[in-house]
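The values are calculated or read from the model by the stated rules, or taken from the named source; none is laboratory data. These numbers come from a predicted model, not from an experiment. Virtual Cβ from ideal backbone geometry, glycine too; neighbours counted across all protein chains shown.
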Amino acid sequence: MPFPEYIPYQRKNRWVKILLILIVVLIVLGVLILQIPRVNRAIYWRMKIISTYLDSLLNPVGKLPTPVVSSQNILITDLPTLASEPRTETPSPLLTPTPTMIPTPTAVPTPLLSSVYLNSPPYDPIRDKEDFNNCGPATLALALRYYSWIGDQYDIAKVIKPNRDDSNVNVEELIYYVRTQAGWLNAEYRVGGNLDTLRKYLSNGIPVIIEETVMTDRIYLINDDRWAGHYLLLTGYDDAARQVTTQDVLLGPNKVISYDTLEEHWQSFNHVYILVFRPEQADLVQTLMGVDADVIANRQNALAAAERETQMNPQNAFAWFDVGSNLVALDRYNEAAQAYDKARSIGLPLRMLRYQFGPFIAYFHTGRIDDLMTLTKYALGITRVSEEAMLWRGWAFYRKGDKSTALTYFRNSLDIHPGYQDALHAIDYVTNN
């Protein structure tokens, strides 16, 4: 006769097995559910927010560092030429264009109108709600859809942002996508724009993408200032109401903001604007650009405008930063470094170096490697997946004579963005020199 406790033990063992089977089934079911793109995206960004915040608790970075005092400010000339256009190794096939129903304009510009309301591109809240740090591809998708392009932000991101954790897409990358993947359209960007700039393009039926400031509604880092960059598509304006109509991948279609708010938020990105247009509009765009059609003249005009801003408000850090960025574009690195010094001394947002990299270039070209080391370390502390910060940290180690570590950072940069031309060039340069 068995012991009295034998039967309860068997029952307990059976329930343990059932529980283990249920756990396995739930795990498998969870893995399968995560394969659904909408579910994966919804969970991914929430987990990303949690992990980013916890990491900032363990590794706090504080405010953006002020300049390192140094007497070394000598222009260095024996430097590698960096590639100018980002690429990917395996671009997706060209998308088949859909005929547009928009009337074809002439090269004769329409005078400025008092108000304009262009047709809003089709907006799907499911497809067009910005994925995590994906406002560049999402906004470009809306701009392309204005011309009856068929696709969404994920089609664009897989070409110019193959690593989903990459937190920034540059204007050059957006231009690259239009020219290579939507080849029936063209794109240009310029800096130093103003309200009249926007009004003249909108008056002539051309929507405009700008990069500007947004204050996030969430805290992602310890002591977060909530400042971030954001792309907007502008499709209209009203002078009487002093407001523009925007297509915002965060807030939704046809949102209006005041002229004053637009100007305040736009300045932090050097008043950059992107034009997407049909080939037959090329002459019209050239005419509307005027002297800014020449990229050097455009930088000189933008520099003059930014300098005027610093004179009107010497404590405007963004104006000083814009001065530095335009000077870098004109290869005036010593002056650019001094302008960036001023901006940093006044104070810049935590994420500034996630989006703009002029200080890296200026300090590298003037031999201020301590500043470059400090800023690239800080930038990677804020944004760990940044191919640009990885690249320039590699160049800092190269200037310090550590080729091995430099190559490691270059390869890390390439891992973040496969096909990144500047990283490929850096690896080739350092390996062969």
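Odds and ends about this structure:
- Of all residues in segment 386-413, those that are farther than 27 Å from Arg164 by Cβ and without any contact (Cβ under 8 Å) to a residue 40 or more places away in the chain have Cβ atoms under 9 Å from Cβ atoms of residues that are among the polar types (S, T, N, Q) and not in a helix (DSSP H, G or I), 6 or more apart or on another chain, in Lys403/Asn433.
- Qualifying positions in segment 379-393 - over 18 Å from Thr408 (Cα atoms) and at pLDDT 95 or above: none
- Number of the exception - Ala336 against (1) outside any loop (DSSP other than H, G, I, E, B); (2) surrounded by fewer than 24 Cβ atoms within 10 Å (Cβ to Cβ): (2)
- Between Val178, Val214, Val169, the distinction of being part of a loop (DSSP other than H, G, I, E, B), of a type in the set (A, V, I, L, M, F, W, C) and under 19 Å from the mean Cα position of the chain (by Cα) belongs to Val169 only.
- The residue pairs whose first member lies in segment 142-170 and is over 16 Å from Asn119 (Cβ atoms), whose second member is of a type in the set (Gly, Ala, Ser) and part of a loop (DSSP other than H, G, I, E, B), and whose beta carbons are closer than 7 Å, counting only pairs six or more residues apart or on different chains, are Asp155/Ser92; Lys158/Ser92; Val159/Ser92; Ser167/Ser386; Asn168/Ser386.
- Any hit, segment 381-392, residues being assigned to a helix (DSSP H, G or I), among the charged types (D, E, K, R), touching an Asp or Glu at 6+ places or on another chain (Cβ under 9 Å) and closer than 21 Å to Val171 by Cβ: yes
- Complete set of residues in segment 288-329 that are touching a residue at least 60 places away in the same chain (Cβ under 8 Å) and loosely packed, with under 15 Cβ neighbours inside 10 Å: Val295
- Filtering segment 150-166 to residues that are over 18 Å from Leu233 (Cβ atoms) and outside any loop (DSSP other than H, G, I, E, B) leaves Lys158, Val159.
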